Every structure is written in C-alpha cells, then in structure tokens.
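To start, the structure itself, in structure tokens.
Values in this text are rule-based calculations from the coordinates and carry no lab data. Because the structure is predicted, anything quoted here is derived from the model rather than measured. As a convention, Cβ positions derive from the backbone with ideal geometry for all residues, glycine included, and neighbour counts pool all protein chains shown.
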C-alpha cells in the first residue's frame, strides 16, 4: 500500500490492509480440510462395508454425514453474514482518500477562479500573446455562472480560460527559448506595407 500524503484529520491511522486470498475466493483452508475429512470418512465407510465390517462402516458413514452437515452449516452462516455485510454501505477509512466524494464544491471552483485571475495578471504583466477577446468572453461567462451558482458551467468556462492562458504560456516560453538560442527574431513584414510599395 502506498500512502500519498498525510491521513486526513478525524481518521485514525490503521495498519496496512491484508491481501487475504480467503476473502477473494470464499474458500479457506478450513473448508478444504473439511472436504478432505468428509472424503476420508466416506472412503473409510465404503471400505469397511466392503470388507464386511458393517457396524464400523455405518459409524464412519455417520461421521461423514455429520461432518458434511457441520461444514454446510458453518459455510451457510459465514455466507449469510458476508451477504449482509455486502448489502450494508461500507465506509472503510483505512486507505488515504479512497472513498472521497467527487462532488463539485464551490470552494474548488472559487480556488480555480483565483488561479485563473492570477495567471491572467501574470499574462498582462509579461505581455503574453493571447486571444484576449476569447479569454475575456470565457472569464465573463465563468463569473456570471459563479454568481448564479451554476458550478458545472463555471468550471467549463474557467477551464477554457485556463486553456487559452496556458497556450499563451507555451508561446511565451518558445519565444524566450528562441531568443536565448538565436537572438531576437526579425520583425514580421506587414503585407499591407509590402503591397503598397509594389
């Protein structure tokens, strides 16, 4: 078991979960031993009856039947108990964050909006080349959806805005790497100026 971080508050630390093959198959060593004992008593009973010792053969056959009934009763109780446990809702708190709900919370969307605003501020300060009209549209829609508590729509718009900003980050980094390696690129020639001169 790998732990990724601290156990959340309110959950007691537990020992590692056992990977019990008995729980996977439903069969245990005791079950196998019971089957072998039943088979042994049955073979002994048949052998004694064939050899003419009917009394001990019947006793051995009775022991085989009693062992079968005891094993079936034990298995039935165990199976019924495991079925009732399977029907009950299980909230194990042994693994880190294993059963956390995947609900969209307003705090998460607000945190994402703050992250997007910080990235937008950085883009303005550093002069990234971004489709600002498209970004402003998605940011405005996200704020509108947040004010109306439409979290799914706000999340979609924030994701689009972050995608636009991250494309700007990538372009900015490529330009910086190009400048570091080759120097400043030549200024692009404007086509409208070129057309007037010809």
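So which residues in region 144-164 are exposed (fewer than 14 other Cβ atoms within 10 Å of the Cβ) and more than 19 Å from residue 106 (Cβ to Cβ), if there are any at all? Hit for region 144-164 is 163, nothing else.
A quick yes/no check of all residues on (1) surrounded by 17 or more Cβ atoms within 10 Å (Cβ to Cβ); (2) part of a helix (DSSP H, G or I); (3) at positive phi:
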{"position": "103", "(1), (2), (3)": "no, no, no"}
{"position": "108", "(1), (2), (3)": "no, yes, no"}
{"position": "115", "(1), (2), (3)": "no, yes, no"}
{"position": "120", "(1), (2), (3)": "yes, yes, no"}
{"position": "124", "(1), (2), (3)": "no, yes, no"}
{"position": "129", "(1), (2), (3)": "no, no, no"}
{"position": "134", "(1), (2), (3)": "no, yes, no"}
{"position": "139", "(1), (2), (3)": "yes, yes, no"}
{"position": "142", "(1), (2), (3)": "yes, yes, no"}
